[in-house]
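Colleague: Please read through the structure below; I'll follow up with questions.
Laboratory data are not the source of any read-out in this text; all were calculated from the coordinates shown. Keep in mind the model is a prediction, meaning the values are calculated, not measured. Glycine gets a Cβ as well: all are built from the backbone with ideal geometry, and neighbour counts include every protein chain shown.
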Amino acid sequence: MTRSVGILGMGCYVPEKVLTNFDLEKIVDTSDSWIQERTGIKARHIAADDEATSDLAYNAAIKALAAANVKPEDIDLIIVGSASNDHNWPSTACILQNRLGCTHAAAFDLIAGCSGFVYNLAVASQMVKTGLYNHVLIVGAETLSRIINWKDRNTCVLFGDGAGAAVVGEVEEGYGVLGIDLGADGSGMKALYQPSGGSREPATHETIDKAGHTIHMNGPEVFKFAVKIMGKTALNSIEKAGLTPEDIDWLIPHQANLRIINSAAKRLKMPMEKVWVNVDKYANTSAASIPIAMCEAIEAGALKKGDNIVLDGFGAGLTWASIVLKWAL
Ligand code: UT7
C-alpha cells in the first residue's frame, strides 16, 4: 500500500521591525493609498541587521519541529526555498542543518522563486511516499529587504521578510497530498530576476553601481502571468486530486497582490471567506508567503481535519505550483 503523506506540524517567524506604507512615503515617491489600491499591502516586516535568511528559517523550523513533535535527529532531509539566501553557496539548507543539529539529514536548496515552498512540498512528499525518507523539513525563508533597490518605487513597496516551515511525513490513510501541479516557463526569466552576482554577470563595481544585485521586475508582465496561471494551476491540481472547486474548503494563495488573489478566487468561483489573505500585514514574502499564511490559518483554528486545501503559487523562473492537501491535523 502506498503511504499517505502530509504535513505533521508547521511554524513561522517574521522579524520584529515593521515598515508601514507611511514609512515608505518618506523613502520614495509613493503613497499609502497607491500601495493599498494597487496591491492591498499596508505593512511589511524587515529583518534586523544581524538577521540573515537562515536565522529566520531557524526560528520557523524549531517551531515546526515542536509542533510536529519530531526531534532534529529524526529529520532525514531539509529543503529550503529562497531567493535571498545567506550566500550564493553553500546552501542555506546546510547552514540550517548544522544549526538545528539535524545530524542525519541530507540538505539542499531548491530555487523556484515564490513557488518554492509548494515545490518543496511536492518533492518532499514524493520522497516520503516512496519510503526513501520518513521526515522531511521544508522551509520557505526570505530576507528580500537585502536585495531590494530602495530607490525603485516599482519594487521596494512590494516585498517583506519572513519564514515558514513544515515537517512532512506519513499521515492517516487518505489524508495529506492529493494532487500536485508544477510548471515552469523560462522564457519569462527576465520578468523577475537578479541580474548580477552570478556567472552571467559577476559582481563588479559597475554592477553594484547600477544595482544589478537587486530585484528587477516587469510588474505588469508578472501581473498578467499571475492572473492567468493561478487559476489554471489550481484547477489542474484539484482535478488531479479527483475533486472539483466546490469540494475545496480553503484556498491559500501566494500573497503577492490582493488583485491577483481576487482574480484567482474568481476563476475558482471561491468566495473570499474561503481564501486566506494576509498580504496587508506582510507584503510579498516570496517563498515564505504560503507557509506563513498556513501558520496563521492553523493558529486561528480555521483549518479543520479533513478540510480540502489548495496551496497556489507563482513566481520567478517563471514558475507555478499548486497542491491539494486533505488536512490531517
Ligand atoms: O511574487 C511575484 C512578485 N511580483 C508580483 O507579484 C508583481 C505583479 N505585478 C503587480 O503586482 C503590479 O503590476 C504592480 C503592483 C507592481 C504595479 O501595479 P500596476 O497597476 O501594474 O501599475 P504600473 O506598473 O502599470 O504603474 C502604473 C503607474 C506608473 O506611473 P505612470 O507611468 O502611469 O505615470 C508607475 O510609475 O504607477 C506608478 N507607480 C507608482 N506610483 C506610486 C509604480 N509604483 C508606484 C508606487 N507608488 N510605489
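Colleague: Is there any pair linking a residue in region 19-30 that is hydroxyl-bearing (Ser, Thr, Tyr) to one that is within 13 Å of the ligand (Cβ to nearest atom), with Cβ under 7 Å and at least six apart or on different chains, and which?
Modeller: Filtered contacts from region 19-30: 30/24; 30/153; 30/157.
Colleague: Something else now. Could you give me the residue pairs with C-beta distances under 8 Å whose first residue belongs to region 267-281 and is more than 17 Å from residue 234 (Cβ to Cβ), whose second residue is basic (Lys, Arg) and surrounded by fewer than 18 Cβ atoms within 10 Å (Cβ to Cβ) wherever it lies, and which are 6+ apart or on separate chains?
Modeller: Listed pairs, sorted by first residue: 280/42; 281/42.
Colleague: Working carefully through the options 57, 47, find the one that is surrounded by 18 or more Cβ atoms within 10 Å (Cβ to Cβ), of a type in the set (Gly, Ala, Ser) and touching a Ser or Thr at 6+ places or on another chain (Cβ under 6 Å).
Modeller: Going through 57, 47 in turn, the sole match is 47.
Colleague: In region 1-23, how many are outside any loop (DSSP other than H, G, I, E, B) and either of a type in the set (Gly, Ala, Ser) or buried (at least 21 other Cβ atoms within 10 Å of the Cβ) (or both)?
Modeller: As a first pass, look at region 1-23 and keep what is outside any loop (DSSP other than H, G, I, E, B): 5-13, 17-23.
Then drop every residue that is not either of a type in the set (Gly, Ala, Ser) or buried (at least 21 other Cβ atoms within 10 Å of the Cβ) (or both), which leaves 5-13.
Final tally of qualifying residues: 9.
Colleague: Being assigned to a strand (DSSP E or B) and over 16 Å from the mean Cα position of the chain (by Cα) is the filter here, so list the residues in region 145-179 that pass it.
Modeller: 169, 170, 176, 177, 178, 179
Colleague: Return a yes/no flag: does region 284-306 have any residue that is on the phi > 0 side of the Ramachandran plot, touching a Gly at 6+ places or on another chain (Cβ under 8 Å) and crowded, with 19+ Cβ neighbours inside 10 Å. Can you show your working first?
Modeller: Step one: of region 284-306, the residues on the phi > 0 side of the Ramachandran plot are 286, 301, 306.
This time we only want the ones that are touching a Gly at 6+ places or on another chain (Cβ under 8 Å), so: 286.
In the following step, the residues that additionally are crowded, with 19+ Cβ neighbours inside 10 Å were identified as 286.
The answer is yes, given that some residue of region 284-306 is on the phi > 0 side of the Ramachandran plot, touching a Gly at 6+ places or on another chain (Cβ under 8 Å) and crowded, with 19+ Cβ neighbours inside 10 Å.
Colleague: Do any residues in region 218-238 that are over 20 Å from residue 177 (Cβ atoms) and aromatic (Phe, Trp, Tyr) have Cβ atoms under 8 Å from those of residues that are within 16 Å of the ligand (Cβ to nearest atom) and in a helix (DSSP H, G or I), where the two are at least six apart or on different chains, and which pairs are they?
Modeller: 223/259; 223/260; 225/188; 225/191
Colleague: Report, by residue number, each residue of region 246-283 that is in contact with a helix residue (DSSP H, G or I) (Cβ under 7 Å, 6 or more places away or on another chain), crowded, with 17+ Cβ neighbours inside 10 Å and of a type in the set (Lys, Arg).
Modeller: none
Colleague: So, one more: Yes or no: residue 67 in contact with a strand residue (DSSP E or B) (Cβ under 9 Å, 6 or more places away or on another chain), surrounded by fewer than 21 Cβ atoms within 10 Å (Cβ to Cβ), closer than 16 Å to residue 164 by Cα and among the aliphatic types (A, V, I, L, M)? Please lay out each step first, then the result.
Modeller: Working: in contact with a strand residue (DSSP E or B) (Cβ under 9 Å, 6 or more places away or on another chain): yes; surrounded by fewer than 21 Cβ atoms within 10 Å (Cβ to Cβ): yes; closer than 16 Å to residue 164 by Cα: yes; among the aliphatic types (A, V, I, L, M): yes.
Spelling it out, residue 67 is indeed in contact with a strand residue (DSSP E or B) (Cβ under 9 Å, 6 or more places away or on another chain), surrounded by fewer than 21 Cβ atoms within 10 Å (Cβ to Cβ), closer than 16 Å to residue 164 by Cα and among the aliphatic types (A, V, I, L, M).
Colleague: Here's another thing I want to ask about it. So for region 190-201 (the condition being within 16 Å of the ligand (Cβ to nearest atom), buried (at least 16 other Cβ atoms within 10 Å of the Cβ) and of a type in the set (Gly, Ala, Ser)), does at least one residue qualify?
Modeller: Yes, some residue in region 190-201 is within 16 Å of the ligand (Cβ to nearest atom), buried (at least 16 other Cβ atoms within 10 Å of the Cβ) and of a type in the set (Gly, Ala, Ser).
Colleague: Of all residues being closer than 20 Å to residue 256 by Cβ and out of contact with any helix residue (DSSP H, G or I) (no Cβ under 6 Å at 6 or more places or on another chain) in region 202-218, which is nearest to the ligand (Cβ to nearest atom)? Just the residue, please.
Modeller: Filtering region 202-218 for residues closer than 20 Å to residue 256 by Cβ gives 214-218.
Filter again for out of contact with any helix residue (DSSP H, G or I) (no Cβ under 6 Å at 6 or more places or on another chain), leaving 214, 216.
Numbers: 214: 14, 216: 11 Å.
The selected residue is 216.
Colleague: Okay, moving on. When the residues of region 96-114 are filtered to those that are within 14 Å of residue 84 (Cα to Cα) and not charged (D, E, K, R), which remaining residue is surrounded by the most Cβ atoms within 10 Å (Cβ to Cβ)?
Modeller: This residue is 114.
Colleague: Further question on the same structure: Read through the list (1) under 15 Å from the mean Cα position of the chain (by Cα); (2) farther than 11 Å from residue 167 by Cα, then give the number of the only condition that residue 79 fails.
Modeller: (2)
Colleague: Mind checking which pairs have a first residue in region 54-65 that is in contact (Cβ under 8 Å) with a residue 40 or more places away in the chain and farther than 14 Å from residue 287 by Cα and a second that is buried (at least 24 other Cβ atoms within 10 Å of the Cβ) and among the polar types (S, T, N, Q), Cβ under 6 Å, 6 or more apart or different chains?
Modeller: Hits for this filter: zero, empty list.
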